[in-house]
Amino acid sequence: EEPGTEAQLRDRIAAELTRTRDRTALLTEAVDDADLVRQHSPLMSPLVWDLAHVGNQEELWLVRDVGGRDPVRRDIDDLYDAFKQPRKDRPSLPLLPPAEARAYVACVRDKVYDLLDGIRFTDRDLVADGFAFGMIVQHEQQHDETMLATHQLRSGAPVLHAPPPPEPRARVADEVLVPAGPFTMGTSTDPWALDNERPAHTVDLPAYVIDAAPVTNGAYRRFIAEGGYDEPRWWSEAGWRHRLDAGLTAPMHWRRDGDGWAYQRFGRWSPVRDDEPVVHVCFHEAAAYAAWAGRRLPTEAEWEKAARWDPATGRSRRWPWGDEDPTPEHANLGQRHLWPAPVGAYPAGASPLGVHQLIGDVWEWTSTTFRGHPGFAAFPYREYSEVFFGDDYRVLRGGSFGTDRAACRGTFRNWDYPIRRQIFSGFRCARDATTDERHAGRAA
Ligand code: AVJ
Ligand code: FE
């Protein structure tokens, strides 16, 4: 590598670290100390736990492991170990108070900027192409999205502000035919891709049809109005049991408003807007809607082929629009806006086949349970993803309005329990292609 490249990578890493910390600061300075240490939902940590946990992971990986430096606070490792401390118990732990937590993360960050100065990115696998730094940036951004979800669950006066997302700029088709054939899923080359996105491998899919946009509030309201929540036949057995146990009747944060619906977003109520993607639905609700609509959820491979496959070259792109990182024209990412954008708001972000808003807006449930790609190798630690492999979790793809561009890609994989809906989760539907469509697809 030429020396200029290494200096550029250092600058880019420093900029990403700083940009990310600015977001963390915004999320943790918007509320007072009492609010920071409070648990806003048993599903979430107190914000002050996320803050110090982010610093502790940065200390473990960058200060101690990459930098080989002395621990800053070895005594708090257990407190901020997500596996040792279940979320519901975190508020009763002897956590660092807000001022100490801020001082701690700042101290760790100073050491990281210092060690970044002398780093050789060719020394070890862990730092090749800046990976360890990228992993830590992504980790902090993931917790920022989690903190944003905590903000959505807190009660009290609104503290977060952002301009509304753009209005529709294009008409979007209902659905798109994806022709049969192989495509490359996953990646072996994206430098900051995490272990579960690797390696690149070929997946051959039969022809299928996928929604050109996520399912909207308007469509979802018809499902509700036509008794979707009252009809066990649309629900899986586990889904129906959960629908009854949890008393589900509408997406989370919705309430009836006259003969319509209103939703609460970061402390403000407003009438539900029909042309926005529905958000805060669990996997079971998404699957029930799909069954009611005579469709199904896409598999994870179907989602990724629709997002990355370029029929002109046969290549898989990094993003639906190409290989270049997203700009605000491409997708609703990064908490620039506080809710999903209406369908048609991001024509520049569409895939070559004309599938819109795959990236940003809402995480999209797929029917696939979370497993390693063929040839998966845990790196650098099993606890990031391997320990979650199995049938308990469903994969979500594409990122939400609260996902940063650094923690999102055409290959990025998220996962959660099928009953979870405090995350910014929505979905789109798919179906097998008919015989006629398969022939038309081949002729085109
Ligand atoms: C990838 C979003 C499922 O928040 O549980 C954060 C990311 N892993 N700290 C999570 C993560 C460790 C993870 N998800
Ligand atoms: Fe974490």
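Table for the structure above
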{"read-out": "Crossing angle, helix 3-29 versus the chain [Cα axis fit, 0-90 degrees, rounded to tens]", "value": "80 degrees"}
{"read-out": "For the chain: relative contact order, % (alpha-carbon pairs under 8 angstrom, 6 or more apart)", "value": "18 percent"}
{"read-out": "Spacing of the two label points (7 Å from each Cα toward its C-beta) at Glu329 and Asp75, in nm", "value": "5.4 nm"}
{"read-out": "Contact order relative to length of the range 313-444, as percent, for alpha carbon pairs under 8 angstrom and 6 or more apart", "value": "27 percent"}
{"read-out": "Acute angle (nearest 10 degrees) that the helix 131-153 long axis makes with the longest principal axis of the chain, alpha-carbon atoms", "value": "60 degrees"}
{"read-out": "Cα-projected label distance for Glu226 with Ala378, points at 7 Å along beta-carbon direction, nm", "value": "4.6 nm"}
{"read-out": "Karplus-derived HN-Hα couplings along the range 175-191 (A = 6.51, B = -1.76, C = 1.60, θ = phi - 60°), whole Hz, x at Gly and Pro", "value": "8, 9, 8, 10, x, 4, x, x, 8, 8, 9, x, 8, 10, 10, 5, x"}
{"read-out": "Separation in nanometres of the label points that stand 7 Å from Cα toward Cβ, at Ser92 and Arg120", "value": "5.1 nm"}
{"read-out": "³J(HN,Hα) computed for each position of the range 236-245 - Karplus, 6.51 cos²θ - 1.76 cosθ + 1.60, integer Hz, glycine/proline x", "value": "5, 4, 5, x, 5, 4, 5, 3, 6, 4"}
{"read-out": "Loop chymotrypsin sites (Phe, Trp or Tyr not before Pro), the range 50-92 (other Cβ atoms within 10 Å of the site Cβ: 15 or fewer; DSSP)", "value": "Phe83"}
{"read-out": "Tilt relative to the chain, helix 98-117 - C-alpha long axis, 0 to 90 degrees, to 10", "value": "80 degrees"}
{"read-out": "The range 347-405: GluC sites (Glu not before Pro) falling in loop per DSSP and having at most 14 other Cβ within 10 Å", "value": "Glu383"}
{"read-out": "Dipole of the chain, positive end: most advanced residue of Leu43, Tyr289, Ala149 [Cβ charges, Cα centre]", "value": "Tyr289"}
{"read-out": "Computed [θ] at 222 nm, helices only, for the chain once each DSSP H run of length n ≥ 4 contributes -39500 (n - 2.57)", "value": "-9500 deg cm²/dmol"}
{"read-out": "Gained length - Val37 relative to Tyr113, 0.36 nm times residue gap less alpha-carbon distance", "value": "24.5 nm"}
{"read-out": "Karplus 3J(HN,Hα) series, Hz, for the range 219-227 with 6.51 cos²θ - 1.76 cosθ + 1.60 (x for Gly, Pro)", "value": "5, 5, 4, 5, 4, 5, 4, 8, x"}
{"read-out": "Charge dipole magnitude, Cβ of K and R +1, D and E -1 - the chain, Cα centre, debye nearest 20", "value": "880 debye"}
{"read-out": "Heavy-atom accessible area ranking, 1.4 Å probe, most first, across Lys84, Lys111", "value": "Lys84, Lys111"}
{"read-out": "Amide H contacts under 5 Å for Gly360, placed H, 5+ residues apart", "value": "Gly399, Ser400"}
{"read-out": "Of all accessible heavy-atom area on the chain, the percent that carbon and sulfur account for (1.4 Å)", "value": "51 percent"}
{"read-out": "Solvent-accessible area per residue, Å², over the chain with all protein chains present [probe radius 1.4 Å]", "value": "41 Å²"}
{"read-out": "The range 249-392: relative contact order as a whole-number percent, Cα under 8 Å and 6+ apart", "value": "20 percent"}
{"read-out": "Relative packing of 63-72, 101-110, which averages over residues the other C-beta atoms within 10 Å, highest first", "value": "101-110, 63-72"}
{"read-out": "Gained length - Ala173 relative to Ser270, 0.36 nm times residue gap less alpha-carbon distance", "value": "32.1 nm"}
{"read-out": "Charge dipole magnitude, Cβ of K and R +1, D and E -1 - the range 279-358, Cα centre, debye nearest 20", "value": "160 debye"}
{"read-out": "In the range 215-302, trypsin sites (Lys or Arg not before Pro) in a DSSP loop with at most 16 other beta-carbon atoms within 10 Å", "value": "Arg273"}
{"read-out": "Charge dipole magnitude, Cβ of K and R +1, D and E -1 - the range 113-240, Cα centre, debye nearest 20", "value": "380 debye"}
{"read-out": "FRET efficiency, 1/(1 + (r/R0)^6) with R0 22 Å, evaluated for Asp65 and Arg12 via beta carbons", "value": "0.55"}
{"read-out": "Signed unit charges on C-beta, dipole axis of the range 382-425, positive-most listed residue Tyr417, Leu396, Ser385", "value": "Leu396"}
{"read-out": "Positive-pole candidate from Ala212, Tyr80, Thr24, dipole of the chain, charges at beta carbon", "value": "Ala212"}
{"read-out": "Calculated P(r) of the chain - Cα pairs past 36 Å, %", "value": "27 percent"}
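The values are calculated or read from the model by the stated rules, or taken from the named source; none is laboratory data. What you are looking at is a predicted structure, and each value in this text was computed from that prediction instead of being measured. A quick note on method: Cβ atoms are made from the backbone with ideal geometry, for glycine too, and the neighbour counts reach across all protein chains shown. Areas reflect the complete protein model, heavy atoms only, side chains present, ligands, DNA and RNA absent. Shrake-Rupley method; radii C 1.70, N 1.55, O 1.52, S 1.80 Å.
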